[in-house]
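Worksheet: one structure, shown below.
The values are calculated or read from the model by the stated rules, or taken from the named source; none is laboratory data. All values reported here derive from a predicted model rather than from experimental measurement. Cβ coordinates were reconstructed from backbone atoms using ideal geometry, including for glycine residues, and neighbour counts include every protein chain displayed.
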Amino acid sequence: MDKHKKAVLLIVLSTASFSLMSILVKLSSAHFSITEQVFSRNIIILFIALIFLVTKKINPLGNKKNRLKLLARAVSGYIGVSAFFYAINNMIVADAAILQNTSPFFITLFSAIFLKEKLTKTHIFVLFLALIGALFVIKPKFDVSIMPALIGLSAGMCAGISFVIISCLKGEENSFVIIFYFSLLSCITSFILGFHSFTMPDLRSGTILILIGIFAGLGQYLVTVAYGLSYAGAISVYNYIGIILSSILGFFILDEVMDIFSLIGIVIIITSAIIIYLKQKKDRLSSTF
């Protein structure tokens, strides 16, 4: 198996792991606060990253010149995960997954604004198309019922910001240094904010919390390795398999059924992602000649 095919396989396994994590977050929502869920999501990842860095004798704090960027990525990542968990707890899991997966379009937008990357007519069209898809999922009613969807969309925006910052750090910091910062800040912040509302888990709910951390850690590890094997643009489209998996798992485990508007939104957003994927593939092929 060549590196690209291996990367695709790892991305698919990663999306499956994150989809299972999302279902477990929804199952635990009746017992635990978002801060406790976020803490559980990141504590195992924190130890995985720390063990890797210590084993490889890499400074977990990274290069001094990059620490502000690392901190900014950690903050945006924490806000994004918290927003995503809030959306999961207050929406159909698949709908939350759709909105969170608008991140590639925010990456395109923020890369043009902050990294001065060229924004082509294709990019503008796709951004507009993705916005229409998101509106089908959000189904705006202009009252408080819209808040979970808007917060879910902000999770995608924060993920976009995170990936743009990661792009700035590419080649300068080890991936596990970035993960370490994000996990450490998430654990500390979640502990401080959620200490007063801590709920002692029983065997069943405690197992669910542990599994949230395990599946999140596994998904993070697999996606990190995958992006190290192939170009991000060549494999990122496979992340959308996670929406389908979340829909299936939500139906069979949570009895959640998406409405026709959400299904239309899925089709539009995935179509947008495929257009970007094909455009990036064409650009890469052109650059090799």
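Values for this structure:
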read-out: Selection count where residues are part of a loop (DSSP other than H, G, I, E, B) and within 20 Å of VAL81 (Cβ to Cβ), scope segment 110-130; value: 0
read-out: Residue among GLY160, GLY133, GLY156 that is at pLDDT 90 or above, in a helix (DSSP H, G or I) and in contact with a Phe, Trp or Tyr (Cβ under 7 Å, 6 or more places away or on another chain); value: GLY156
read-out: First in segment 151-166 and among the β-branched types (Val, Ile, Thr), second anywhere and outside any helix (DSSP H, G or I), Cβ under 7 Å, 6 or more apart; value: VAL164/LEU115
read-out: Qualifying residue in segment 191-199 (condition: modelled with pLDDT of 85 or more, of a type outside the set (Gly, Ala, Ser), on the phi < 0 side of the Ramachandran plot and within 16 Å of the chain's Cα centre (by Cα)); value: no
read-out: Conditions (1) in contact with a helix residue (DSSP H, G or I) (Cβ under 8 Å, 6 or more places away or on another chain); (2) over 28 Å from GLY206 (Cβ atoms); (3) modelled with pLDDT of 90 or more; number of the one not met by PHE110; value: (3)
read-out: Count of residues meeting criterion [surrounded by fewer than 22 Cβ atoms within 10 Å (Cβ to Cβ), within 30 Å of LYS118 (Cα to Cα), over 18 Å from the mean Cα position of the chain (by Cα) and not polar (S, T, N, Q)] in segment 258-273; value: 3
read-out: From the options LEU127, LEU119, residue that is among the aliphatic types (A, V, I, L, M), surrounded by 13 or more Cβ atoms within 10 Å (Cβ to Cβ) and touching a Ser or Thr at 6+ places or on another chain (Cβ under 7 Å); value: LEU127
read-out: Members of segment 132-181 that are among the hydroxyl-bearing types (Ser, Thr, Tyr) and crowded, with 23+ Cβ neighbours inside 10 Å; value: SER162, TYR181
read-out: Counted residues, segment 227-276 - those being modelled with pLDDT of 90 or more, outside any helix (DSSP H, G or I) and more than 28 Å from LEU27 (Cβ to Cβ); value: 0
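Rundown of residues vs (1) more than 22 Å from LEU46 (Cα to Cα); (2) in contact with a helix residue (DSSP H, G or I) (Cβ under 7 Å, 6 or more places away or on another chain), yes/no style:
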site	(1), (2)
PRO201	no, yes
ARG204	yes, no
LEU209	no, yes
ILE212	no, yes
PHE215	no, yes
ALA226	no, yes
ASN239	yes, yes
ILE244	yes, no
